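Enquirer: This is the structure, below, for whatever I ask next.
The values are calculated or read from the model by the stated rules, or taken from the named source; none is laboratory data. Computed from a prediction, not measured in an experiment: that's the story for all the values here. A quick note on method: Cβ atoms are made from the backbone with ideal geometry, for glycine too, and the neighbour counts reach across all protein chains shown.
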Protein chains: 2
Amino acid sequence: MSEQPTPVQTAGSAASHVPASSVGSSPASPLPKEVAAALKRDGAGLVAAVVQQYDTNEVLMLGWMDDEALHRTMTTGRVTFYSRSRQEYWRKGDTSGHVQWVKSVAMDCDGDALLVRVDQVGAACHTGTRTCFDGRDLDAVAGQAG
Amino acid sequence: MSEQPTPVQTAGSAASHVPASSVGSSPASPLPKEVAAALKRDGAGLVAAVVQQYDTNEVLMLGWMDDEALHRTMTTGRVTFYSRSRQEYWRKGDTSGHVQWVKSVAMDCDGDALLVRVDQVGAACHTGTRTCFDGRDLDAVAGQAG
């Protein structure tokens, strides 16, 4: 969102046994200190990651990352998510071949969302559509000025 | 995400006093029955909403919606979020003038993310940048095939 101030956190100041995914604390995070400090995790230690095709700007999908998944995404050139349903790390494309090659990663103004720009191999969606939103429009009223 | 099956839910089958935001239950939802049934809310009754500029495909920001915020977004032509920090509805632009005119709304394959395409007036970010991700790149290693 665009309205919540980034919490002031000091990485490494808390007890050393707090897990990396704990809200508001990041002593065990594998991330650079300033990134870990700025990240605002939900109750499960996760942040929403929007995945976008780098050349067309298509929004391909939305996934979830904890500190470790973001660390892997930032350092390996491949997008890794944390699966909320399976409670495990999930490197996109390992099963399907539909790899996401990382082009850039940005954090939003208040640290609760990530934008991962990628080069998507094949379909991003497990249903076979290019994006997870294709053909899934809801019946919405369009707005206009005046 | 792209891997979790949409839960089977029957709108209206549960007790009538369950709030609209309860996980896995939507008897009091103002949304069309099939939308309410498909929506997969988090523990706080919210779904992530990616907001995208309709003509350039820029990802402007990420916000949160409950059933009522999505209902207002789908029916009024203006984007309404639910603010997690202030715990209240927030119609984008009411304070800043930076209105988001709705062009379309889509739900992803498993109902836990929304893509709202808009015409953004002015800056989407409260910091004054066009998007909430502008100038906020992290130091990531790019990946490539082969």
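Enquirer: Only residues that are surrounded by fewer than 20 Cβ atoms within 10 Å (Cβ to Cβ) and at pLDDT 50 or above: list them for region A:6-41, please.
Expert: A:PRO27, A:ALA28, A:PRO30, A:PRO32, A:LYS33, A:GLU34
Enquirer: Next up: Quick one: A:TRP64 ticks every box in (1) without any contact (Cβ under 8 Å) to a residue 60 or more places away in the chain; (2) more than 25 Å from B:ASP42 (Cβ to Cβ); (3) aromatic (Phe, Trp, Tyr) bar one, so which box is it?
Expert: Here A:TRP64 clears every test but (2).
Enquirer: Hey, another quick one. If a residue has to be among the β-branched types (Val, Ile, Thr) and either touching a His at 6+ places or on another chain (Cβ under 8 Å) or at the interface with chain B (Cβ under 7 Å from one of its Cβ atoms) (or both) to count, how many in region A:95-138 make the cut?
Expert: 4
Enquirer: Separate question: Show the residue pairs that are 6+ apart or on different chains and have beta-carbon atoms under 6 Å apart, the first residue being within region B:76-88 and on the phi > 0 side of the Ramachandran plot, the second being in a strand (DSSP E or B).
Expert: Listed by first residue and then by second, the contacts come to B:GLY77/B:VAL102.
Enquirer: When you look at A:VAL141, is it facing another protein chain (nearest Cβ under 7 Å) and under 18 Å from B:VAL59 (Cα atoms), yes or no?
Expert: Taking the combined requirement at face value, the residue does not satisfy it.
Enquirer: Sort out which residues of region B:69-124 are acidic (Asp, Glu) and surrounded by fewer than 19 Cβ atoms within 10 Å (Cβ to Cβ), and write them in order of number.
Expert: Within region B:69-124, B:GLU88, B:ASP94, B:ASP119 meet the criteria.
Enquirer: Return the only residue of B:ASP112, B:ASP119, B:ASP134, B:ASP108 being under 21 Å from A:LEU115 (Cα atoms), of a type in the set (Asp, Glu) and modelled with pLDDT under 95.
Expert: Every option except B:ASP112 fails the conditions.
Enquirer: Does region A:46-90 hold any residues that are among the small types (Gly, Ala, Ser) and under 26 Å from B:ASN57 (Cβ atoms), and which are they?
Expert: Scanning region A:46-90 gives A:ALA48, A:ALA49, A:GLY63, A:ALA69, A:GLY77.
Enquirer: Quick check: is even one residue across region A:54-61 β-branched (Val, Ile, Thr), buried (at least 19 other Cβ atoms within 10 Å of the Cβ), within 21 Å of A:ARG130 (Cα to Cα) and within 12 Å of the chain's Cα centre (by Cα)? Explain how you work it out, then say what you get.
Expert: Initial filter on region A:54-61 (β-branched (Val, Ile, Thr)): A:56, A:59.
If we keep only those that are buried (at least 19 other Cβ atoms within 10 Å of the Cβ) too, we end up with A:59.
Okay, now just the ones that are also within 21 Å of A:ARG130 (Cα to Cα), so A:59.
After this cut, where a residue has to be within 12 Å of the chain's Cα centre (by Cα) as well, the list is none.
Among the residues of region A:54-61, not one is β-branched (Val, Ile, Thr), buried (at least 19 other Cβ atoms within 10 Å of the Cβ), within 21 Å of A:ARG130 (Cα to Cα) and within 12 Å of the chain's Cα centre (by Cα), which makes the answer no.
Enquirer: Among the residues of region B:97-107, is any in contact (Cβ under 8 Å) with a residue 60 or more places away in the chain, under 18 Å from B:PHE133 (Cα atoms) and out of contact with any Cys (no Cβ under 8 Å at 6 or more places or on another chain)?
Expert: no
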